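Okay, so here's the structure we're looking at.
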Amino acid sequence: MTIQFTSKDKLYRDYQGAFLARFSLTDVAASSDAEILTALLSNKDLVNASWPEIKSADTKELLAPAFRFDTITPDQLTTLTKEQLSAFFDHYIKDQLWFGEEEAIVKTVTKWVTGKLAPAATENCYLLDMQSFTGNDKVLDLTSAEQYDYFFSIFWIDKTAMTLSVCHMLYE
């Protein structure tokens with residue numbers, strides 16, 4: 001199996017955003033989603049290719065991801081259908097205390113992400129939610145994680161299009 005970085009896209013405003021990276025896949029017909037995700041998560045170059053270069057609002061230094069991706073296994077990801085992921089974010093938005101335009105921005109970001117996922121020929125997507133690992137310094141880079149109000153990573157595999165997509169959603 002070969003995974004190769006192909007493109008990045010982003011939607012970012014007022015320290016909230018989503019960053020989408022796409023990878024092309026070869027020889028994956030016989031590979032399970034877990035095998036593909038393991039190959040991605042264990043390869044620092046591939047994970048680094050999906051990470052955006054954005055500067056912290058406070059320190060002006062480049063932000064680091066909240067997760068130590070090379071410590072994560074596919075069984076630690078929450079498996080959701082596209083509809084369940086939409087419902088998860090609808091609930092998340094309603095459950096938080098937002099100020100000013102924050103709610104509108106996270107709604108826009110969520111709509112952008114789910115819009116990118118909608119046409120994919122995939123049954124499941126895989127979610128990492130920073131809140132699920134609070135205090136787990138094996139999975140979370142606690143120094144980086146404390147910079148974020150929220151941090152999600154979403155993975156989906158489209159074997160028909162032979163693509164793997166990684167989306168990081170964050171608010172710093």
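The values are calculated or read from the model by the stated rules, or taken from the named source; none is laboratory data. Note that the structure is a prediction, hence the values are computed from the model and not measured. Using ideal geometry, Cβ is built from the backbone for each residue, glycine included, and neighbour counts are taken over all protein chains shown. For accessibility, only protein heavy atoms count, side chains too; no ligands or nucleic acids. Shrake-Rupley method; radii C 1.70, N 1.55, O 1.52, S 1.80 Å.
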If I filter region 90-111 for residues that are closer than 26 Å to ALA161 by Cα and among the aromatic types (Phe, Trp, Tyr), do I get at least one hit?
no
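Out of curiosity, is SER153 touching a His at 6+ places or on another chain (Cβ under 6 Å) and either over 24 Å from THR73 (Cβ atoms) or open to solvent by less than 10 Å² (accessible area, probe 1.4 Å) (or both)?
On the way: touching a His at 6+ places or on another chain (Cβ under 6 Å): yes; either over 24 Å from THR73 (Cβ atoms) or open to solvent by less than 10 Å² (accessible area, probe 1.4 Å) (or both): yes.
So SER153 passes the test.
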Among the residues of region 112-136, which ones are over 21 Å from ALA161 (Cα atoms) and not in a helix (DSSP H, G or I)?
LEU128, ASP129, THR134, GLY135, ASN136
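Every residue, every condition in (1) open to solvent by 60 Å² or more (accessible area, probe 1.4 Å); (2) more than 16 Å from TYR150 (Cα to Cα); (3) in contact (Cβ under 8 Å) with a residue 24 or more places away in the chain; (4) of a type in the set (Lys, Arg), yes or no:
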{"position": "LYS60", "(1), (2), (3), (4)": "yes, yes, no, yes"}
{"position": "LEU63", "(1), (2), (3), (4)": "no, no, yes, no"}
{"position": "ARG68", "(1), (2), (3), (4)": "yes, no, yes, yes"}
{"position": "THR71", "(1), (2), (3), (4)": "no, yes, yes, no"}
{"position": "GLN84", "(1), (2), (3), (4)": "yes, yes, no, no"}
{"position": "ALA87", "(1), (2), (3), (4)": "no, yes, no, no"}
{"position": "ASP90", "(1), (2), (3), (4)": "yes, no, no, no"}
{"position": "TRP98", "(1), (2), (3), (4)": "no, no, no, no"}
Pairing a residue in region 36-48 that is open to solvent by 60 Å² or more (accessible area, probe 1.4 Å) with any residue that is outside any loop (DSSP other than H, G, I, E, B), where Cβ atoms lie under 7 Å and the two sit 6 or more apart in sequence or on different chains, gives THR38/PRO74; SER42/ASP70; LYS44/ASP70
Which pairs have Cβ atoms under 6 Å, sit 6 or more apart or on different chains, and link a residue in region 132-146 that is within 15 Å of ASP70 (Cα to Cα) to one that is among the hydroxyl-bearing types (Ser, Thr, Tyr) and part of a helix (DSSP H, G or I)?
LYS138/THR71; VAL139/THR71
Give all pairs with beta carbons closer than 6 Å in which a residue from region 159-172 that is under 30 Å from TRP98 (Cα atoms) and open to solvent by less than 30 Å² (accessible area, probe 1.4 Å) meets a residue that is basic (Lys, Arg) and in a strand (DSSP E or B); count only pairs at least 6 apart in sequence or on separate chains.
SER165/ARG22
Every listed condition ((1) at pLDDT 90 or above; (2) among the small types (Gly, Ala, Ser); (3) part of a loop (DSSP other than H, G, I, E, B)) holds for SER86 save (3)
Just to be sure, is LEU11 free of Cβ contacts under 8 Å to residues at least 60 places away in the same chain and either within 30 Å of TRP98 (Cβ to Cβ) or not acidic (Asp, Glu) (or both)?
no
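Identify all residues within region 2-35 that are of a type in the set (Phe, Trp, Tyr) and either touching a Ser or Thr at 6+ places or on another chain (Cβ under 7 Å) or open to solvent by less than 30 Å² (accessible area, probe 1.4 Å) (or both); write none if there are none.
PHE19, PHE23
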Return only the number of the condition from (1) within 16 Å of LEU170 (Cα to Cα); (2) under 16 Å from the mean Cα position of the chain (by Cα); (3) part of a helix (DSSP H, G or I) that THR38 does not satisfy.
(1)
Tell me, please, whether a residue that is outside any helix (DSSP H, G or I) and hydroxyl-bearing (Ser, Thr, Tyr) can be found in region 90-109.
no
